[in-house]
Amino acid sequence: MSSSVGGGSAGGGGADIASLLEKAKELDQLKKDQDDIVVEINKIHKKVLASPEMVDKSVDAILLKLRGLYARAKELSENEISASNALIGLLDGLLQSGASTAQKKKIVAFYISEVGEQKKKRIKSDTDSARFSAASMRNQLDQAASLKGEQVAARVKSDDEKDEWFVVKVIHFDKETKEYEVLDEEPGDDEESTQKKYKLPMSYIIPFPKKGDPSSAPDFGQGRQVLAVYPGTTALYRATVASHRKRKSDDYILEFDDDEEDGSLPQRAVPFYRVVALPEGHRQ
C-alpha cells in the first residue's frame, strides 16, 4: 500500500482508508452471519413441516431455539446499523477533508479494489459451499437409489405415543419426491393379511450394515442404546448393548427394553447386520 493512500488520513485530516476497509469487512461479515441465521431458521421450519409429530414431543425446545435465533438476528441487524453509520461518518470525513480530487480518486479506487477482493473471496467461499452441498445431496440420492432390492429398517407407523420400525425391502426410490417405496414382506397374523407397501420419506429409512462385511457396521460400545431386530421377528426395538461385539460371531449381546423375564432383562444375541443407531427422538 503506498503512503499516499494508506498513510492514515487524507489531506491532513479526512477518512482513514484502513478504518473504511475494516468497517466494510465488518459489514460484509454481518450480512453473511445474518444469511446463516436465516438458513438455520428455515431448517427448523422444514423439519417441523416434514415431521409435525416432533412438535408434540419437543415444542418448548423448538420455541427456545427459534427465540435464540431471532434474538441473534436482531443483534446482528443492530450491529449492521452501527457499522453502516460508522461507514457514513468515515465517508463524510473523506468528503470534507482537504484532500485533492486526485487523492480522493486514488483512495476510492484502492478502497473499491480491496472491497472487491473481499467480495470475491466470500462469493468463492459461498460457491464452494453450495457446490459441496449439492454434491453431498447428489451423493445421498445416489446412495438411496442404490438400496433398491435391499432390506432396510423403516419407520412404517408413528403416532403420538410410539414409533413402529420393521424390516422392509426397498422396491423403488424416487429422486424427485425423495421417497422410498418399500414392501413389508411379512404378512400379519390374520388370514386376510398380505404383504403391505409403504411410501416413506428418506428420514424414515435406515440402511443396515452389509451382511458379509462386519467392518461396515458401527462399533457400538457397552451401554450404548441402539435399535435392533428382536430375534425371531422382523420388528425393531430399542435395546442396550450389554457387552462389546463378539468378533468370532460378530453378534451383539443386547438387552431389549420391556423384555423382562423373572424380574430381569435377558441378554440376547443379535447379528451386527440387524443393529443400527437409535434414531433421535425414538418413542417406544
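Under 6 Å between Cβ atoms, at least 6 apart or on separate chains: pull out the pairs that start in region 196-219 with a residue that is under 14 Å from A277 (Cβ atoms) and end on any residue that is among the β-branched types (V, I, T) and open to solvent by less than 70 Å² (accessible area, probe 1.4 Å).
I205/V152; I206/V276; P207/V152
Please find, within region 91-119, the residue that is modelled with the lowest pLDDT out of those that are surrounded by fewer than 16 Cβ atoms within 10 Å (Cβ to Cβ) and assigned to a loop (DSSP other than H, G, I, E, B).
Among residues in region 91-119 that are surrounded by fewer than 16 Cβ atoms within 10 Å (Cβ to Cβ) and assigned to a loop (DSSP other than H, G, I, E, B), the one modelled with the lowest pLDDT is G98.
Looking only at region 226-235, which residues are surrounded by 19 or more Cβ atoms within 10 Å (Cβ to Cβ) and either within 25 Å of the chain's Cα centre (by Cα) or farther than 17 Å from K162 by Cα (or both)?
First pass over region 226-235, keeping only residues surrounded by 19 or more Cβ atoms within 10 Å (Cβ to Cβ): 226-229.
Matches in region 226-235: V226, L227, A228.
With the structure loaded, tell me whether A277 is under 30 Å from the mean Cα position of the chain (by Cα) and in contact (Cβ under 8 Å) with a residue 24 or more places away in the chain or whether it fails that test. Give the derivation first.
Numbers: under 30 Å from the mean Cα position of the chain (by Cα): yes; in contact (Cβ under 8 Å) with a residue 24 or more places away in the chain: yes.
Criteria met by A277.
Considering only region 236-256, state which residues are of a type in the set (G, A, S) and open to solvent by 50 Å² or more (accessible area, probe 1.4 Å). Steps first, please.
So in region 236-256, the residues of a type in the set (G, A, S) come out as 239, 242-243, 249.
Within region 236-256, S249 is the sole residue that qualifies.
The values are calculated or read from the model by the stated rules, or taken from the named source; none is laboratory data. Quick caveat, the model's predicted, so the values are computed rather than measured. Methodologically, a virtual Cβ is constructed for each residue, glycine included, from the backbone with ideal geometry; neighbour enumeration extends over all protein chains shown. These area figures cover heavy atoms from the full protein model, side chains too; ligands, DNA and RNA do not enter into them. Shrake-Rupley method; radii C 1.70, N 1.55, O 1.52, S 1.80 Å.
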